[in-house]
1. For region 52-82, enumerate the residues that are closer than 27 Å to Thr421 by Cβ and in a loop (DSSP other than H, G, I, E, B).
2. Which of (1) over 30 Å from Ala14 (Cα atoms); (2) out of contact with any helix residue (DSSP H, G or I) (no Cβ under 7 Å at 6 or more places or on another chain) does Val307 not meet, given it meets every other one?
3. Can you tell me which residue within region 262-276, out of those that are without any contact (Cβ under 8 Å) to a residue 40 or more places away in the chain and assigned to a loop (DSSP other than H, G, I, E, B), is surrounded by the most Cβ atoms within 10 Å (Cβ to Cβ)?
4. I want to confirm something. Restricting to region 287-309 and keeping residues that are more than 16 Å from the ligand (Cβ to nearest atom), over 18 Å from the mean Cα position of the chain (by Cα) and among the hydroxyl-bearing types (Ser, Thr, Tyr), which single residue is modelled with the highest pLDDT?
5. Please work out if Val307 is buried (at least 21 other Cβ atoms within 10 Å of the Cβ), closer than 20 Å to Asn174 by Cβ and touching a strand residue (DSSP E or B) at 6+ places or on another chain (Cβ under 7 Å).
6. I'd like the full set of residues that are within 25 Å of Gly429 (Cα to Cα), surrounded by fewer than 17 Cβ atoms within 10 Å (Cβ to Cβ) and among the charged types (D, E, K, R), limited to region 6-44.
7. Name the pairs whose Cβ atoms lie under 6 Å apart, with the first residue in region 287-299 and under 22 Å from Tyr169 (Cβ atoms), the second of a type in the set (S, T, N, Q) and in a helix (DSSP H, G or I), and 6 or more positions between them or separate chains?
8. Only one of Leu348, Leu357, Leu344, Leu366 is at pLDDT 95 or above, surrounded by 23 or more Cβ atoms within 10 Å (Cβ to Cβ) and more than 16 Å from the ligand (Cβ to nearest atom); which?
Amino acid sequence: MGLNKDFLWGGATAANQMEGAYLEDSKGLSTADVVTAGSHEKKREITDTIKKDKYYPSHTAIDFYHKYKEDIALFAEMGFKCFRLSINWARIFPNGDEDTPNEKGLAFYDNVFDECLKYGIEPVVTISHYETPLHLAIEYGGWTSRKLIAFYERYCVTLFTRYHKKVKYWMTFNEINVINYLPWFAGGLKGRDEQNEYQAAHHQFIASAKAVKLGHSINPEIKIGMMIAYGTTYPETCNPEDVQKAAEVMQRKHFYTDVQCRGYYPKYKLKDFERNGIVIKMEEEDVQILKEGTVDYIGFSYYASSVSTNRKDAASVGGNMIRGIKNPYLEANAWGWQIDPIGLRIALNNLYERYELPLFIVENGLGSVDEINENGQIIDNYRIDYLARHISEMKKAVELDGVNLIGYTAWGCIDLVSAGTGEMKKRYGFIYVDRDDQGNGSLKRMKKKSFGWYKKVIATNGEDLNY
Ligand code: BGP
């Protein structure tokens with residue numbers, strides 16, 4: 001019983017939400033660098049160019065670019081076995097379509113990986129996490145253009161060749177299904193248009209499949225996974241109409257895992273495209289590429305579950321990209337995300353039953369406002385409680401249901417910029433960062449109560465969740 005002794009405990013981050021140094025060492029602008037800060041009430045604005053009177057949180061973020069040694073030392077102190085981070089494409093290819101990479105960008109990630117390896121921390125790398133070189137978005141229309149496949153391929157060859165001895169675990173696209181919710185973030189697409197989104201998704205499928213094959217040819221030992229935003233969607237009632245509705249919402253997610261794990265388009269989606277007049281332009285070779293480029297494992301984010309109904313008058317509530325209606329059995333965080341630890345066990349079982357591939361929980365956590373008390377401490381019991389309940393259900397999926405799970409990385413292990421709102425005050429970390437929503441603060445790091453708790457969880461391989 002218990003989790004494997006080499007279970008990958010750690011934390012997860014993304015370059016644009018953490019690095020800052022947005023123009024340093026010849027980095028180009030990325031799609032994330034032209035997104036302003038927003039809030040729970042106010043949407044983030046996409047401005048195309050940088051406007052003087054706007055605030056862009058990615059420009060400094062938490063300055064990991066200069067503080068990575070200090071931060072990785074803190075991760076090591078917690079006992080991290082792995083650290084999930086993403087590579088900023090525009091650091092390696094500033095415009096995205098150059099022939100040769102930017103050496104300074106490559107050197108930065110070498111330093112970061114070496115620092116991790118020094119402590120025995122395995123880097124887990126997302127190749128594209130919510131950013132594309134801005135030039136590719138403006139000049140080519142982002143992932144709607146097939147040309148991006150070749151640029152991404154060149155980027156991947158560069159990364160695999162350079163880092164394959166340092167990095168074993170890779171993921172091709174963060175939350176690939178978010179192309180249908182935040183197309184600018186996930187693919188550099190302007191506006192909402194399903195035809196474009198699915199065409200872009202097709203290009204990403206091909207790019208990902210090519211990357212898998214390529215990576216294995218460079219080093220057969222490396223593991224290349226997909227990554228999806230995944231939560232269970234329940235029907236509101238046992239009325240078959242509600243059940244059918246929830247099944248349709250799940251199909252919108254499974255479309256992405258089906259293509260990337262099975263290597264072909266599922267029938268239900270082809271029929272859905274037909275009904276909605278969506279026509280995907282494909283090349284003849286695509287069928288073979290998809291077939292030969294299925295992933296080694298499934299990485300997924302899980303924060304909340306959602307509920308679907310057939311009722312027309314139902315009001316929707318928030319969630320990680322995917323909205324639904326209120327679940328009366330669950331509590332929600334301040335941003336309306338409905339907290340559902342058992343939903344994580346259900347999600348793990350759903351995915352494992354469907355594909356029997358290794359799973360990796362690469363994001364889970366509670367976004368919350370943290371207050372420093374009169375003794376200068378942050379007692380974040382609410383966060384510990386959230387994580388403990390999720391880890392407990394995760395263990396049931398492994399120990400009682402036999403799910404093959406390779407690791408767990410808590411999202412935003414150090415406070416960073418929120419992807420959804422651009423806020424700093426929506427914090428997930430074990431480590432507090434002194435920075436506010438207007439860009440003020442010393443950027444000083446400070447341990448929260450959860451820091452010591454997570455350290456103990458890792459030390460006991462998840463056996464001791466008490467606090
Ligand atoms: C996921 C993203 C992350 C991250 C997380 C939390 O969708 O992969 O980048 O930010 O959600 O969301 P938020 O930052 O909006 O709270």
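1. Scanning region 52-82 gives Lys52, Asp53, Lys54, Tyr55, Tyr56, Thr60, Ala61, Ile62, Asp63, Phe80.
2. (1)
3. Here the residue is Tyr265.
4. Checking each candidate, the answer is Thr294.
5. Working: buried (at least 21 other Cβ atoms within 10 Å of the Cβ): yes; closer than 20 Å to Asn174 by Cβ: no; touching a strand residue (DSSP E or B) at 6+ places or on another chain (Cβ under 7 Å): yes.
Here the answer is no, as Val307 does not meet what is asked.
6. The answer is Asp6, Glu41, Lys42, Lys43.
7. Val295/Gln260
8. Leu348
The values are calculated or read from the model by the stated rules, or taken from the named source; none is laboratory data. Just so we're clear, the structure is a prediction, and the values are computed from it rather than from any experiment. FYI the Cβ positions are ideal-geometry reconstructions off the backbone, even for glycines, and counts take in every protein chain you see.
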